[in-house]
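What follows is a short report on a single structure.
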Amino acid sequence: MEQKRAKKTRLDPDTVLGMLKRILAENGKDYVGTYAVAIVCLVIVALTTAFTAWIMEAVVNEAFANQRADVVWLICGSILAAFILRGLASYGQAVALAQVGNNIVARYQKRLFDHLMALSVGFFSDMRSAQIAAQISQNVTGIRDVLNLTITSLARDLLTLVALIGVMISKDALLTLVVFAVAPPLLIALRYISKRLRSATRESVELNSHVLGAMQETVQGVTIVKAFTMEEQLRAKMRVLIDAAEGRANRIVRLTERTSPLTETLAGIAISGVLAYAAFRSIYGGVLPGAFFAFVTALLLAYEPAKRLARLQVNLERAIVNARMIYEILDIVPTQADAPNAVPLKVEGGRVVFDAVDFAYTEGEPILTDVSFTAEAGRTTALVGPSGAGKSTVIGLIPRFHDPERGRILIDGQDIAAVTKNSLRAAIAYVSQQPYLFEGTIRDNIRYGRPDATDAEIEAAAHQAHAHAFILSQPQGYDTPVGENGITLSGGQRQRLSIARALVRNAPILLLDEATSALDTESEALVQSALETAMEGRTVIVIAHRLSTIARADKIIVMQNGRVAEEGRHEELARREEGLYARFHRMQALGLDSDAALEAAAETGDTERKGKSAS
Ligand code: ADP
């Protein structure tokens, strides 16, 4: 039932190498060509850098010591050529790597979006939507950074370093060994830093997701925030979060930058040691300074790539944490895949049968118990009952937002667990209490009901839903953009748009969650009339709150505590003196609205029963 986190992959994803292998395995082959170009460019950068160090010996010895005017031109010309070549190669590798990087970000965004839509409704009720979005946007660049850091560091920095070390060895092998004495303490220190960085990075992303998520929620709920004067409380809460995020970001900087004093000090030791050794050898040994100059140039040039390489693990550590958080989402296995031999649903009338259905959101806390009822084809079945009775849950099981633990749900005799989800959902239109409008125009929003609907069909549906007139009065008619919950439209207008969306779908089964929130009388009448049009000739299962809807239904299912308490038509149920529905009906006659009457009826029922069992 619950979404299961995927087992850890074979390549232990906790290691940098494991994550790198996985990212390469999933993307590598599509970028082989571009990476080849980038690597050729990086090799050129490395070789030209090494060349500029190598040529120093000739500069010093030929131009200054031996004063050979004829070779100066050659030397200077070759240095200029090396720099120009290096500039072009740097451009080539930067553009190639950036394009691959952008493509990887785009590819993972698409993958994540597809994946999120494949996950079942359960995932989204466990996680806050604003935080999911914030996490994705913070982490998705991690995958790109993992690849690019590795490629640039390995190809450019490592190659440059190797080439420069080659120059150093060719000029003075013994001195090269001396320089390398600083490597071991550096490596040990870097290990320590990168370990601590791992947890700090994860905490930082999580805190930032909280901050971004809370901001988005506040913006969305701004009317509630103001109405309840929640500003002070929210401000205090937000400050704590933001301060924590700031502290974490500072900690990351301190950890990362700890590499700087470390590498600078060690480099200082190496360079001053080399200078002292060479200077004394030149002073007392009379050796020509050319080779030494070349050596020092190589050493100085090696410093930057060596520093970057030293920080590679530290930077990778951060990118890997980001990449891992992306994979944590991607690795959630959608639990509600179609059965292997699923067939398309064939709808004739759209008769819906619940056959002894048990359901729980979390194991051990049953919400529905032994629910059986039939919603006849082309008829209206009203679900009635106090809040929390399980009516919305029943509705949610029909499009398979969740799957029952026991029992079956049949549509025209076919078990919905055995048909493809697409065909099942194509047979169903759903009008919720909260009419949600998506980013786009009014026309787009109606067309979500059926992508291939023509403009004429959309307008016909809008007519039927009594939406046409107010749509035309909008600044751009059907092309008026709405979004962010359609902030410019009234509640009744939004409801009529969502009814038009359901009408355009033209599905045989209509699931309806009647709004409890009061609309003004005129809107109310329009919505009601639009709903009646939508209900005509369809199998309708409606969570009913209005007496008029309930009384007109072909069948009423009274639910209580996750069970079907009574069923029948209004007149029959109202006649049963002892029944919940009859009590509800009497309360309503006293002037309570239907929801309050239901609550009251359920409560008096409980006390009556308790009273009886006590006596
Ligand atoms: P009704 O529509 O009759 O008011 P619901 O079907 O919404 O009742 O809720 C039935 C019970 O299921 C309630 O106790 C509610 O708290 C619980 N419930 C509803 N949705 C979820 C969910 N996503 N996760 C866990 N429990 C839920």
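The values are calculated or read from the model by the stated rules, or taken from the named source; none is laboratory data. The model shown is predicted, which means the values in this text are computed figures rather than measured ones. With ideal geometry, Cβ positions are generated from the backbone for all residues, glycine too; neighbour counts draw on all protein chains shown. All accessible areas refer to the heavy atoms of the entire protein, side chains included, with ligands and DNA or RNA removed. Shrake-Rupley method; radii C 1.70, N 1.55, O 1.52, S 1.80 Å.
What to note about this one:
- Residue that is surrounded by the most Cβ atoms within 10 Å (Cβ to Cβ), among those in the stretch 546-569 that are without any contact (Cβ under 8 Å) to a residue 24 or more places away in the chain and not basic (K, R): E566
- Failed criterion for G350 (all others in (1) open to solvent by 20 Å² or more (accessible area, probe 1.4 Å); (2) more than 15 Å from the ligand (Cβ to nearest atom) hold): (1)
- For the condition over 30 Å from F295 (Cα atoms), free of Cβ contacts under 8 Å to residues at least 24 places away in the same chain and either in contact with a strand residue (DSSP E or B) (Cβ under 9 Å, 6 or more places away or on another chain) or β-branched (V, I, T) (or both), I224 qualifies.
- Residues that are charged (D, E, K, R) and either open to solvent by less than 100 Å² (accessible area, probe 1.4 Å) or under 25 Å from the mean Cα position of the chain (by Cα) (or both) within the stretch 211-238 comprise E217, E231, K237, listed in sequence order.
- Residue, nearest to the chain's Cα centre (by Cα), within the stretch 546-575, restricted to residues that are within 16 Å of the ligand (Cβ to nearest atom) and outside any strand (DSSP E or B): G562
- In the stretch 420-434, the qualifying residues are those that are more than 15 Å from R351 (Cα to Cα) and in contact with a strand residue (DSSP E or B) (Cβ under 6 Å, 6 or more places away or on another chain), and the one that is least open to solvent (accessible area, probe 1.4 Å) is V431.
- Cβ-Cβ under 6 Å pairs, at least 6 apart or on other chains, the stretch 383-399 side under 14 Å from I550 (Cα atoms), far side charged (D, E, K, R) and within 6 Å of the ligand (Cβ to nearest atom): L383/K391; G385/K391
- Identity of the residue in the stretch 180-210, within 29 Å of the chain's Cα centre (by Cα) and of a type in the set (A, V, I, L, M), that ends up surrounded by the most Cβ atoms within 10 Å (Cβ to Cβ): L197
- Per the listing A337, A427, A417, the residue uniquely outside the structural domain of G122 (by TED's automatic domain parsing), away from the ligand (no atom under 16 Å from the Cβ) and closer than 30 Å to Q138 by Cβ is A337.
- Options A356, A291, A323, A377; residue that is open to solvent by 10 Å² or more (accessible area, probe 1.4 Å), away from the ligand (no atom under 16 Å from the Cβ), assigned by TED's automatic domain parsing to the domain that holds T141 and in contact with an Asp or Glu (Cβ under 9 Å, 6 or more places away or on another chain): A291
- Per the conditions (1) on the phi < 0 side of the Ramachandran plot; (2) free of Cβ contacts under 8 Å to residues at least 24 places away in the same chain, the sole criterion not satisfied by D358 is (2).
- Restricting the stretch 380-394 to residues that are open to solvent by 10 Å² or more (accessible area, probe 1.4 Å) and within 13 Å of the ligand (Cβ to nearest atom), the residue that is nearest to Q414 (Cα to Cα): T393
- Test: residue in the stretch 525-545 that is at pLDDT below 90, assigned to a loop (DSSP other than H, G, I, E, B), more than 16 Å from the ligand (Cβ to nearest atom) and open to solvent by 40 Å² or more (accessible area, probe 1.4 Å): yes
- Helices (runs of 4 or more DSSP H) within the stretch 435-475 that include 3 or more residues surrounded by fewer than 17 Cβ atoms within 10 Å (Cβ to Cβ) and either free of Cβ contacts under 8 Å to residues at least 40 places away in the same chain or not hydroxyl-bearing (S, T, Y) (or both): 455-464
- Check on L410, touching a residue at least 24 places away in the same chain (Cβ under 8 Å), open to solvent by less than 60 Å² (accessible area, probe 1.4 Å), within 16 Å of the ligand (Cβ to nearest atom) and closer than 29 Å to H570 by Cα: no
- Taking the listed residues G18, G77, the one that is open to solvent by less than 30 Å² (accessible area, probe 1.4 Å) and either closer than 23 Å to L164 by Cα or not aromatic (F, W, Y) (or both) is G18, with no other qualifying.
- Among the residues of the stretch 233-257, those identified as under 15 Å from E203 (Cα atoms), in contact with a helix residue (DSSP H, G or I) (Cβ under 7 Å, 6 or more places away or on another chain) and among the β-branched types (V, I, T) are I242, I252.
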